[in-house]
Amino acid sequence: VVELGMPSRSVVTTCAYCGVGCSFKAELRGDELVRMVPYKDGGANEGHSCVKGRFAFGYATHPDRVLKPMVREKITDPWREVEWEEAIQTVAAKMRAIQDAYGPSSIGAISSSRCTNEEVYVVQKMVRAAFGNNNVDTCARVCHSPTGYGLKQTFGESAGTQDFRSVAEADLIMVIGANPTDGHPVFASRMKRRLREGAGLVVVDPRRIDLVRSPHIEAAHHLQLKPSTNVAVINAMAHVVVTEGLVDRSFVEARCEGFDEWAQFVALPENSPEATEPITGVPADQLRAAARLYAQAPNAAIYYGLGVTEHSQGSTMVMGMANLAMACGNIGREGVGVNPLRGQNNVQGSCDMGSFPHEFTGYRHVSDDAVRTVFEELWGRSLLPEPGLRIPNMFDAAIDGSFRGLFVHGEDIAQSDPNLQHVSAALAAMDLVVVQDLFLNETAKFAHVFLPGASFLEKDGTFTNAERRINRVRAVMKPKTGKHEWQIVCEIATAMGYPMAYDHPSQIMDEIAQVTPTFKGVSFELLDKLGSVQWPCNDEAPQGTPTMHVDAFVRGKGKFAVTAYVPTDERTTSRFPLVLTTGRILSQYNVGAQTRRTGNVAWHPEDLLELHPLDAENRGITDGDMVTLTSRVGSTTLRARVSDRMPPGVVYTTFHHPVTGANVVTTENSDWATNCPEYKVTAVQVGLAHPL
Ligand code: SF4
């Protein structure tokens, strides 16, 4: 714990790590941040915090921070520090030159779920209005894009249904493909409180996460499924509900459509627990018992994470969970729902802000003439009705030579995205890569222009957490770089011939509210008055909306979707007989760019490969040995941790350290609807690493 002395002032702001969105009082002495104190009136955390938000803020003042813009002609040249004006003019001139030579669609941008709503909004506006195309995507592409798709199809809104507080009303909690203890610790505490009070627990996960058995908590059922078989499990649970007469008929008849076709599908014998047991590995009697618990609980809530979405059937599984919740009437009141546990601090917000290539703010398709007209009139530009390129399409087009200029805002795609060899080749093929970040990250190795970013302590704006709560982010200090990130984006757009300017991020939020029906009532003034607000916030709900779909679904009737199980293309073979799945650990955060630059790194100095004792013994591996991890696309070396948390045949690692680079081995497979990568299923081999 670093405590530097008694504070003289404090500012209430929001944690910049996970999607729980905890509020903190940043306490300062002069301009020096002394400590982060969890804020008791924080809507998401009510005075609680975890080891990241509370202690891991030292990265913001780490000497690795780059504070001056830098340019270079070739990526093999040394960096040259320049003034902001030269950096911005360089980006604008090169982007325009690429468009002149290769066409308007040859450039694009990736916005960040780490940045504020206001910053994300101006990035997508720059792309659509100044670049003149829809080639903007967000890093949510690689995590929760199936959530956006699946919940939109079934419920009509691309967001979780409940607020966190609602978990206190749940009688049965089903956690699917999430590890809240490590990934969302403050929400996990709320959930555990309810579990200790007696709520039932079902865990669906290939790994025995802590929640399965922890002090005073024991899951009624741990469905330890084989990776990639989520959809077969959820269909089998639905089979039990339909064939055993557990459907909430009155809810379905009053509120839903498409039930009969869906019910006939899930009732097919091939979807029964007995028929699917060889596919999923889940004992049929255990699955039947879990399905009955879920269906018969007065209030049953589903919480899920990337173990649902990062699959070739990620979107199908999201719809499968929505089907199950509707069939049992578990939507529209406290203690129920389908709730994504979002990974990054502003992944919900970056999606809300229109940074997908097919959608404006509020999830409205770019082909919708009426919606497009609203933006065209306000922005004074005609906009394209065709969706732009998704991130993986950008990489493919770069290798083809048709996509040649990329602005990367606050993301380290050369560490976080799958099949890194492909990503590296794509970045290396571009004429211009612009990176805006705090540090010279892995992606910056391919950059021609580096624009230094501001830490969350230097930002003014908003983040939106996993429960749709818009929290204020307040600057504790001025940007160390001399410029706000939204200003940099506006100046690039202006230099490209499309004037963009605001005096303050509150004006950006006012514009967001003007063009986005679900944000119509949102303003900094309201947020400062209420502390935070959950969207939709508009004339119908001026105080926000903690629980969605109360009297009717956003789309009118909830829509059942037939969700056939389709096996992944990723198959184990004699050469790659194990399945790798990945996740993260409490003290670290994603690619580790921040937490590795804090004292937290001492708790987890390297990524470890967990493997079952049988798999270890078969390979002559003992705990602590260095091993090679190899897939059909790449290989890396890391230390083994022999553990029975994983079943035989499945191995697990984290991806916090670039030196081990787990994404060197993950593949190009992705979700059929959204291209979210299949990080959770890679056929691999593990062997002892022999020193040369
Ligand atoms: Fe920050 Fe998430 Fe920890 Fe809260 S739970 S302090 S938001 S990392």
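The values are calculated or read from the model by the stated rules, or taken from the named source; none is laboratory data. Fair warning: this is a prediction, and the values are worked out from it, not measured in the lab. No Cβ is skipped: glycine too gets one built from the backbone with ideal geometry, and neighbour counts run over all protein chains shown.
Couple of notes before you dig in:
- Of all the residues in region 493-532, those that are part of a helix (DSSP H, G or I) and among the aromatic types (Phe, Trp, Tyr) number 2.
- The helices (runs of 4 or more DSSP H) falling completely within region 251-351 include none with 3 or more residues that are touching a Ser or Thr at 6+ places or on another chain (Cβ under 7 Å) and at pLDDT below 95.
- Matching entry among ARG128, ARG114 (being crowded, with 24+ Cβ neighbours inside 10 Å, within 16 Å of the ligand (Cβ to nearest atom), on the phi < 0 side of the Ramachandran plot and assigned by TED's automatic domain parsing to the domain that holds ASN393): ARG114
- Among the residues of this structure, THR13 counts as one that is within 13 Å of the ligand (Cβ to nearest atom), modelled with pLDDT of 90 or more and of a type in the set (S, T, N, Q).
- The residue list THR464, THR481 contains one member that is hydroxyl-bearing (Ser, Thr, Tyr), surrounded by fewer than 24 Cβ atoms within 10 Å (Cβ to Cβ) and either touching a Pro at 6+ places or on another chain (Cβ under 9 Å) or touching a residue at least 40 places away in the same chain (Cβ under 8 Å) (or both), which is THR481.
- Filtered residue count, region 490-519, keeping only those that are free of Cβ contacts under 8 Å to residues at least 24 places away in the same chain and either crowded, with 22+ Cβ neighbours inside 10 Å or more than 18 Å from VAL122 (Cα to Cα) (or both): 0
- Verdict on GLY401 being more than 16 Å from the ligand (Cβ to nearest atom), buried (at least 24 other Cβ atoms within 10 Å of the Cβ) and over 18 Å from the mean Cα position of the chain (by Cα): no
- Among the residues of region 27-68, just one is free of Cβ contacts under 8 Å to residues at least 24 places away in the same chain and within 8 Å of the ligand (Cβ to nearest atom), namely PRO38.
- Number of positions in region 438-466 that are modelled with pLDDT of 95 or more and charged (D, E, K, R): 2
- Filtering region 55-70 to residues that are over 23 Å from VAL449 (Cβ atoms) and surrounded by fewer than 18 Cβ atoms within 10 Å (Cβ to Cβ) leaves GLY58, THR61.
- Every pair of residues 6+ apart whose Cβ atoms lie under 9 Å, when the first sits in region 9-26 and is in the same structural domain as GLY43 (by TED's automatic domain parsing) while the second is within 7 Å of the ligand (Cβ to nearest atom) and basic (Lys, Arg): CYS15/LYS52; CYS15/ARG54; TYR17/LYS52; CYS18/LYS52; CYS22/ARG54; PHE24/ARG54
- Among strands (runs of 3 or more DSSP E) entirely within region 143-247, having at least 2 residues that are within 16 Å of the ligand (Cβ to nearest atom) and either surrounded by fewer than 20 Cβ atoms within 10 Å (Cβ to Cβ) or modelled with pLDDT of 95 or more (or both) singles out no element at all.
- Check on LEU440, touching a residue at least 60 places away in the same chain (Cβ under 8 Å), more than 24 Å from PHE24 (Cβ to Cβ), among the aliphatic types (A, V, I, L, M) and touching an Asp or Glu at 6+ places or on another chain (Cβ under 8 Å): yes
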